[in-house]
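K.L.:
Below is a structure I'd like to ask you about.
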Amino acid sequence: MEKLDQRIQLVASSEFSKTVDEWRRGQSDLPSRSEAIRRLVDLGLRYEREHPMHMITAVIRPHKYDDLREALLQLGVEGITVTQVKGFGRQRGQTEFYRGAEYTTTEVPKLRLEIAVSSAIMNQVIDTIQSVASTGKVGDGKLFVHTLDQVVRIRTGEKDELAIG
């Protein structure tokens, strides 16, 4: 076994410790909490190396798109795919008026944005989308984040992070 010569102090909540201990009990070869934390850190670092790209799918209100587009361009996002979609969430549609008559729509118009980003800016992109697209009302939308295993630029054959830009 490798000699461990560096001690790192970790201040954590009791909830974090409980979660680590529960995970550790499911493992057969972890005698201590510190061993469990070492393994979890190693797994997290390995995951980051193996999944350096993410696809962020954002469903937003249409009138928020222009401001969001500008904010994402300032972050260095080099491409966005936008699709007009309809759907509903908790609001279950909306009531509208047309020529004085009230009617209810079951699906609300939204925009779906798909943005491929590197791990380096993923959290900034998520925070920007959330802050710019929010009105504070029901129906602001959702964010979905997926890891990307591979990206290929069709024209040049560039792969992965080179193909995102």
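K.L.:
Please work out which residue is surrounded by the most Cβ atoms within 10 Å (Cβ to Cβ), limiting yourself to segment 97-123 and to residues that are assigned to a helix (DSSP H, G or I) and at pLDDT below 90.
P.N.:
Ser119
K.L.:
Separate question: Take segment 1-41 and flag every residue that is hydroxyl-bearing (Ser, Thr, Tyr) and assigned to a helix (DSSP H, G or I).
P.N.:
Going residue by residue through segment 1-41, those that are hydroxyl-bearing (Ser, Thr, Tyr) are 13-14, 17, 19, 28, 32, 34.
Ser14, Ser17, Thr19, Ser34, listed by residue number.
K.L.:
Quick one: is Gly79 at pLDDT below 95 and on the phi < 0 side of the Ramachandran plot?
P.N.:
Against the criterion (at pLDDT below 95 and on the phi < 0 side of the Ramachandran plot), Gly79 qualifies.
K.L.:
Does at least one position in segment 45-65 carry a residue that is of a type in the set (A, V, I, L, M) and either part of a loop (DSSP other than H, G, I, E, B) or free of Cβ contacts under 8 Å to residues at least 24 places away in the same chain (or both)? It would help to see each step written out before you state the result.
P.N.:
Kept after step one, since they are of a type in the set (A, V, I, L, M), are these residues of segment 45-65: 45, 53, 55-56, 58-60.
Filter once more, keeping what is either part of a loop (DSSP other than H, G, I, E, B) or free of Cβ contacts under 8 Å to residues at least 24 places away in the same chain (or both): 45.
Yes: one or more hits.
K.L.:
Could you say which residue among Leu45, Leu73, Leu40 is more than 17 Å from Pro109 (Cα to Cα), surrounded by 13 or more Cβ atoms within 10 Å (Cβ to Cβ) and not small (Gly, Ala, Ser)? Quick ask: steps written out before the conclusion?
P.N.:
On the way: Leu45 fails: surrounded by 13 or more Cβ atoms within 10 Å (Cβ to Cβ); Leu73 fails: surrounded by 13 or more Cβ atoms within 10 Å (Cβ to Cβ).
One residue alone meets the criteria, Leu40.
K.L.:
Give just the number: which of (1) in a loop (DSSP other than H, G, I, E, B); (2) loosely packed, with under 12 Cβ neighbours inside 10 Å does Gly139 not satisfy?
P.N.:
So the condition that Gly139 fails would be (2).
K.L.:
Still on this structure, please answer the following. Take segment 111-142 and flag every residue that is among the acidic types (Asp, Glu) and touching a residue at least 40 places away in the same chain (Cβ under 8 Å).
P.N.:
Glu114, Asp140 - these are the residues of segment 111-142 that are among the acidic types (Asp, Glu) and touching a residue at least 40 places away in the same chain (Cβ under 8 Å).
K.L.:
While we're on this one: Looking only at segment 11-36, count how many residues are among the basic types (Lys, Arg) and surrounded by 13 or more Cβ atoms within 10 Å (Cβ to Cβ).
P.N.:
Within segment 11-36, residues that are among the basic types (Lys, Arg) and surrounded by 13 or more Cβ atoms within 10 Å (Cβ to Cβ) number 2.
K.L.:
Which residues, taken from segment 14-39, are touching a residue at least 12 places away in the same chain (Cβ under 8 Å) and more than 21 Å from Lys3 (Cβ to Cβ)?
P.N.:
Ser17, Val20, Asp21, Trp23, Arg24, Gln27
K.L.:
Another question about this same structure. Under the condition of being touching a residue at least 24 places away in the same chain (Cβ under 8 Å) and closer than 20 Å to Arg46 by Cα, which residue from segment 143-165 is nearest to the chain's Cα centre (by Cα)? Before the answer, list the steps.
P.N.:
Start the filter on segment 143-165 by keeping residues that are touching a residue at least 24 places away in the same chain (Cβ under 8 Å), which leaves 143-149, 151, 160-161, 164-165.
Subsequent filtering for residues that are closer than 20 Å to Arg46 by Cα retains 145-149, 151, 160-161.
Details: Val145: 3, His146: 7, Thr147: 9, Leu148: 12, Asp149: 15, Val151: 17, Asp160: 18, Glu161: 17 Å.
That would be Val145.
The values are calculated or read from the model by the stated rules, or taken from the named source; none is laboratory data. The shown structure was predicted, so the numbers you read here are calculated from the model rather than taken from an experiment. Heads up, the Cβs are rebuilt from the backbone with ideal geometry, glycines too, and the neighbour counts pull from every protein chain shown.
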